[in-house]
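The values are calculated or read from the model by the stated rules, or taken from the named source; none is laboratory data. Quick caveat, the model's predicted, so the values are computed rather than measured. Positions of Cβ are generated from backbone atoms using ideal geometry, with glycine treated the same way; all protein chains shown enter the neighbour counts.
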Amino acid sequence: MENNTVHSAIRKYNQDKTRLMDILIEIQDNENHISDDAVRIISEKLGLSIVDVEQTISFYHFLSKESLGKYTIYLNNSVISNMKGRQIVAETFENEAGCKFGEVTEDGIIGLFDTACIGMSDQEPAALINGSVFIHLTSFRVKKIVRDMRAGKDVKKMHTSYLGDGQNKSEYLNSVVRNNIMRMGPVLSDDYNPGTIIMKNLAQLTPEQVIEEIKTSNIRGRGGAGFPTGLKWEFCRKAKGDKKYVLCNADEGEPGTFKDRVILTERPKLLFEGMVIAGYSIGATEGILYLRYEYKYLKHYLENILEEAREKNLLGKDIGGIKGFNFDIRIQLGAGAYICGEESALIESAEGKRGEPRDRPPFPVEKGYNDCPTVVNNVETLCSVVKIMLNGGEWYSSLGTRESTGTKILSISGDCRYPGIYEVEWGLSINEMLDMVGATDIQAVQVGGPSGSLIGPEEFDRILCYSDLATGGSLMIFNNKRYLLKDVVLNFTEFFIEESCGSCVPCRSMTPLLKQKLEKILNGNGVANDLEDLPKWGELMKINRCGLGHTAANPILTSLKNFRHLYEEKLERGKEYETGFNLEQAVSESCEATKRVPDF
Amino acid sequence: MSKPVIATATLAGCFGCHMSILDIDEKILDLIELVEFNKSPIDDIKNFTKKCDIGLIEGGCCNSENVHVLKDFRKNCNTLISLGECAIMGGLPACRNPIPIKECLEEAYLNGPSVKGHNESGIIPNDDEIPMMLDKVYPCHEIVKIDYFLPGCPPSAELIWNALTALITGNEMELPYEVIKFD
C-alpha cells in the first residue's frame, strides 16, 4: 500500500526530479513518513542518488524518515506563542498524549513536535495538526483534541469553534483561522474587481510601458530587502533566455509575519493578477507561487481560484485577448525551512533540492529557476503592482515618504489590544503604531522580526521606512512585564540556530557560541569582558553567504546596543574572567551511571 | 635575572604535543639553558614547587582530575597556553560529545560486543581512585582563562619554539605561514 502511494506520487509528477519536493510531501502526508523503500524507489525512478533524496528529506522540518504518528501535532514555539500561554498547552498535550515533545506515542497515534512561527501570531497559541490549523489553544481544548484523536476522528471534524471570518469559512477552506484585518488601505481595499487590468488595460500597453509605470511608482520589494521592483523587472526583461519565470515568494517565515496569509485568503485574485502583469512585463510564460507548508490548508482553495481564472481567460493562452501572451501559474509547496524565504534558496527548493542559498552573482534575474531569468517577488509587492497599474505610478509615489513610496501591510502581534493586519503609509512612527493598536506600558518593539532590531521607548519616534526602520512587516510588541533577554532574545537566537542551513561556518558555529555566552550571562556568570566579546564575535557574521547568516546575531547585537543595562545588571562584578563551568553539574550524569557520589 | 620557569601537562590528549616539544631536537639543549622546568612529565616533577611563568596545556578536560590539574596550573602559572587542537577545541576525544556519557559508559562496560556477557556483575568501574567523567570533553578555555592558543595537531616544534622564545624575550612572535598551515 505504501509503495502504491510512492509510485502514484512519482507518476503524478511525471518522474520529474525538479518536482522531488512535491513527491516527498505527498508521501509524507499519506504515510506520516518517508521510508527507506520509498527513498530507494524515488531514487531509481527519478535518476537521483539515494543521498540526493535523503539530503532533501533531512533538510526540511516537515519531512521525516521516522514515522511522526497518525496525528502529527506541530505546536508553535515562537516568542508570541510562549507569551500567549504555550507552556500550559504544551504540558497538557504531553500529559494527555503520554509522550514528550519530539516523540511519538508508543501506539504510533500521536506525535508531538515543536515548530517555528506558523504565521498565526495574532491568534496564538496555534498548532498544525495533519496540516490543519488550530488556533487559540487552551488546556481545555487540548484535552478534547487528544480525546478526539484517540477516537480516530478526522482532524477537519475536530473543530468545535465557529469557522473564521471572510473566505476562511468558504467551502474550500473550512478553517477557523481569523483574518483580523484592522486597517485597510489602497492595496487591501475590496473596491476593485480583479481581472480588470488584464482585460481592459494590458493590451494597450507594451511590457516596457508597464515596467516604466512600476518604476515611476518607485515601489520597492515588500519582503524586507527593498530592492526596486521596476528595476528588477527591467533586468529580467533584458536578460537573455528562451524561458522566463515569475516566482511569488509566499514563504512568509519571518516570525511574527502573517500578512501574506491574509492576502492569500482574501485577495488571491489580486495576487495572481499581479503575477500575470509581471509575466507580461518580463516575457515569462510560467509563474510559480511558492507556498510555505504551514499554509498548505490554502492550497486547494488557491488552486480552485486558479482554475476559475483559466476559465475567465485571466490565465492560459492569449490572456485578456492579447495574442501570444501565454502564462500559467502553479503552486509549489515548501516543506518547512525559514531559509527558503531567501530568493535563491527558494529557487533551489522549487527545483526540488535542499533550500541552500546560491552564491551571487549571477542573480536570479539572469540565472534563476532552472537557470532561466527569474523574478522573485513578495506577495504584497505583486498585489501593489495591480493597484499601481490601476491608479498610476504617480498616484502611488504620492503615498508614503519620498524614498519609501506607497503603503505597507504590517503584521502586529504581542502585547497590544488589537493584534492583526494594518495597511499604513510608510512613514508611520512607532509611537503612532502603538497608539493605533492599543498598546500601553511598552518596554520594547521588535521591528522586522528576529532578523530586524529590538528597540526601546527612546527610539519610538523613529519611523517605518527603508531608510530608518525597514521592515518586511513583522512588529512584535513587548510590555514591561516581559523578560526580554530570556523570553525574546534567547528564543530568537535558538530560532536562527535551528534554521541555519549549515553551509557557512560562522552561521553554523558562531550563533551557538553567542547563545552559550548569552546563557552564561543569564545564569549570572557573565563578566564585563563578555559584553565586549559579543559585538566583536558578531562581526564575523558578515562573511556568511545569505541574509539569514548576516542577521542571525541581530537579536543579541541589537538588544545589547539598545538594552545594555539588562545585560549589565546580570554581570558578576569585580571578576575579570569567568567561564561559568560547574564541575558538580558536569560529573552528575556519569556519577549517576556509575552510582557514585561526587566528592571533591 | 633567574631563568623563566615552565610547567607542562597532558590532560585529555595523546602526548603528541609533548612529543612535539621534544621534537625541537638539539635545540632542547639551548632551551634548558634558557629555562627551568617545574611540574611536567618531561622531568617527572609531580607537584608545583614554585610559581611558574609559563604553563603549557596539552589536551582538553574529560574528567574531574583534568579539571583539578588545569585549575592548579591556572593558579600556579602567570601565562597559560592551550597547546594543540585538543586543548583548544577538544579534539578527537570530543567526538564523544554528541553521545550522552551514560550511553558511552554503558556501551563500553555493559553492552559493547567485546564486553556483553563478560561483565556479570554489571558494574561500571566506580572506584574512588578513578576520576569522574565529565558529561562532555571541554576545551580548556571553557574551564579557566587561557592566555594564548597554539594551534596544530600537534603544533610543530618550530611553532612551540617560536612561541616560547617570543614570550621569554618579549619579542613579537614569528608566525610564518608554514608553521600554521595544516592542509
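When every residue of region A:211-219 is checked against the conditions, at least one turns out to be touching a helix residue (DSSP H, G or I) at 6+ places or on another chain (Cβ under 6 Å) and either aromatic (Phe, Trp, Tyr) or not in a helix (DSSP H, G or I) (or both).
Regarding region A:229-242, can at least one residue be identified that is small (Gly, Ala, Ser), assigned by TED's automatic domain parsing to the domain that holds residue A:198 and assigned to a helix (DSSP H, G or I)? The answer is yes; a qualifying residue exists. Residues satisfying the criterion are present in region A:581-588 (criterion: within 14 Å of chain B (Cβ to nearest Cβ), surrounded by 13 or more Cβ atoms within 10 Å (Cβ to Cβ) and either touching a residue at least 12 places away in the same chain (Cβ under 8 Å) or farther than 30 Å from residue B:63 by Cα (or both)). Sub-6 Å Cβ pairs linking a first residue in region A:326-344 that is in a loop (DSSP other than H, G, I, E, B) to a second residue that is charged (D, E, K, R), at least 6 apart or interchain, are A:326/A:317; A:334/A:251; A:334/A:292, ordered by first then second residue. Scanning for something modelled with pLDDT of 95 or more, in contact with a helix residue (DSSP H, G or I) (Cβ under 8 Å, 6 or more places away or on another chain) and under 22 Å from residue A:265 (Cβ atoms), does region A:431-444 turn up at least one residue? No, region A:431-444 has no match at all. Of all residues in region A:91-115, those satisfying the criterion of being at negative phi and free of Cβ contacts under 8 Å to residues at least 24 places away in the same chain are A:94, A:95, A:99, A:100, A:103, A:106, A:107.
Tell me the residue from A:163, A:137, A:173 that is over 19 Å from residue A:381 (Cβ atoms), touching a Pro at 6+ places or on another chain (Cβ under 6 Å) and assigned to a loop (DSSP other than H, G, I, E, B), please. The unique qualifying residue is A:137.
I'm checking my understanding of the structure. Among residues of region A:502-551 that are of a type in the set (A, V, I, L, M, F, W, C) and touching a residue at least 60 places away in the same chain (Cβ under 8 Å), which one is surrounded by the fewest Cβ atoms within 10 Å (Cβ to Cβ)?
It comes out as A:546.
Of the residues making up region B:14-26, one or more are polar (S, T, N, Q), outside any loop (DSSP other than H, G, I, E, B), buried (at least 17 other Cβ atoms within 10 Å of the Cβ) and touching a helix residue (DSSP H, G or I) at 6+ places or on another chain (Cβ under 6 Å). Is region B:158-165 home to any residue that is in a helix (DSSP H, G or I) and within 14 Å of the chain's Cα centre (by Cα)? Among the residues of region B:158-165, at least one is in a helix (DSSP H, G or I) and within 14 Å of the chain's Cα centre (by Cα), which makes the answer yes. Listed here are the helices (runs of 4 or more DSSP H) enclosed by region B:44-120 that have at least 1 residues being under 30 Å from residue B:147 (Cα atoms) and charged (D, E, K, R): B:64-76, B:85-89. Scan region A:116-153 for residues that are buried (at least 24 other Cβ atoms within 10 Å of the Cβ) and at positive phi and jot them down. Selection gives A:119 alone. Annotation note: Cβ proximity below 6 Å between a residue of region B:94-106 that is farther than 21 Å from residue B:121 by Cβ and a residue that is assigned to a helix (DSSP H, G or I) (sequence gap 6+ or interchain) occurs for B:96/B:104. Taking the residues in region B:142-157 that are surrounded by fewer than 20 Cβ atoms within 10 Å (Cβ to Cβ) and under 22 Å from residue B:98 (Cβ atoms) as candidates, determine which candidate is nearest to the other protein chains (Cβ to nearest Cβ). Checked region B:142-157; the qualifying residue nearest to the other protein chains (Cβ to nearest Cβ) is B:142.
Residue check: is residue B:176 at pLDDT 90 or above, farther than 30 Å from residue A:585 by Cα and not charged (D, E, K, R)? For residue B:176, the condition - at pLDDT 90 or above, farther than 30 Å from residue A:585 by Cα and not charged (D, E, K, R) - is not met.
Tallying residues that are more than 9 Å from every other protein chain (Cβ to nearest Cβ), surrounded by 12 or more Cβ atoms within 10 Å (Cβ to Cβ) and basic (Lys, Arg) within region B:106-140 yields 0. Scanning region A:387-431 for residues that are closer than 13 Å to residue A:465 by Cβ and in a helix (DSSP H, G or I) turns up just one, A:430.
Of all the criteria given as (1) outside any helix (DSSP H, G or I); (2) over 30 Å from residue A:178 (Cβ atoms); (3) of a type outside the set (Asp, Glu); (4) more than 21 Å from the chain's Cα centre (by Cα), the one not satisfied by residue A:320 is (1). In the condition set (1) within 10 Å of chain A (Cβ to nearest Cβ); (2) more than 17 Å from residue B:13 (Cα to Cα), residue B:162 is compliant with all but (1). For residue A:265, state whether it is of a type in the set (S, T, N, Q) and more than 24 Å from the chain's Cα centre (by Cα). Considered against the rule, which asks whether it is of a type in the set (S, T, N, Q) and more than 24 Å from the chain's Cα centre (by Cα), residue A:265 comes out as no. Looking across region A:543-580, the residues that are within 30 Å of residue A:355 (Cα to Cα) and either in contact with a strand residue (DSSP E or B) (Cβ under 8 Å, 6 or more places away or on another chain) or at the interface with another protein chain (Cβ under 9 Å from one of its Cβ atoms) (or both) come down to A:554, A:555, A:558, A:559.
So is residue A:489 of a type in the set (A, V, I, L, M) and within 10 Å of chain B (Cβ to nearest Cβ) or not? Considered against the rule, which asks whether it is of a type in the set (A, V, I, L, M) and within 10 Å of chain B (Cβ to nearest Cβ), residue A:489 comes out as no. Scanning region B:23-44 for residues being without any contact (Cβ under 8 Å) to a residue 24 or more places away in the chain and of a type in the set (A, V, I, L, M) gives a total of 3. Of everything in region A:467-480 that is in contact (Cβ under 8 Å) with a residue 40 or more places away in the chain and not aliphatic (A, V, I, L, M), the residue that is nearest to residue A:441 (Cα to Cα) is A:479. For residue A:595, the conditions (1) surrounded by 18 or more Cβ atoms within 10 Å (Cβ to Cβ); (2) of a type in the set (Lys, Arg); (3) within 14 Å of chain B (Cβ to nearest Cβ); (4) farther than 25 Å from residue B:146 by Cβ are fulfilled apart from (1). When restricted to residues that are in contact with a helix residue (DSSP H, G or I) (Cβ under 6 Å, 6 or more places away or on another chain) and over 30 Å from residue A:63 (Cα atoms), region A:293-308 contains 0. When the residues of region A:456-501 are filtered to those that are within 16 Å of residue A:437 (Cβ to Cβ) and out of contact with any strand residue (DSSP E or B) (no Cβ under 6 Å at 6 or more places or on another chain), the one that is surrounded by the most Cβ atoms within 10 Å (Cβ to Cβ) is A:464. When every residue of region A:88-102 is checked against the conditions, at least one turns out to be closer than 21 Å to residue A:335 by Cα and at pLDDT 95 or above. Being under 22 Å from residue A:295 (Cα atoms) and either touching a Lys or Arg at 6+ places or on another chain (Cβ under 6 Å) or modelled with pLDDT under 95 (or both) is a property that residue A:169 has.
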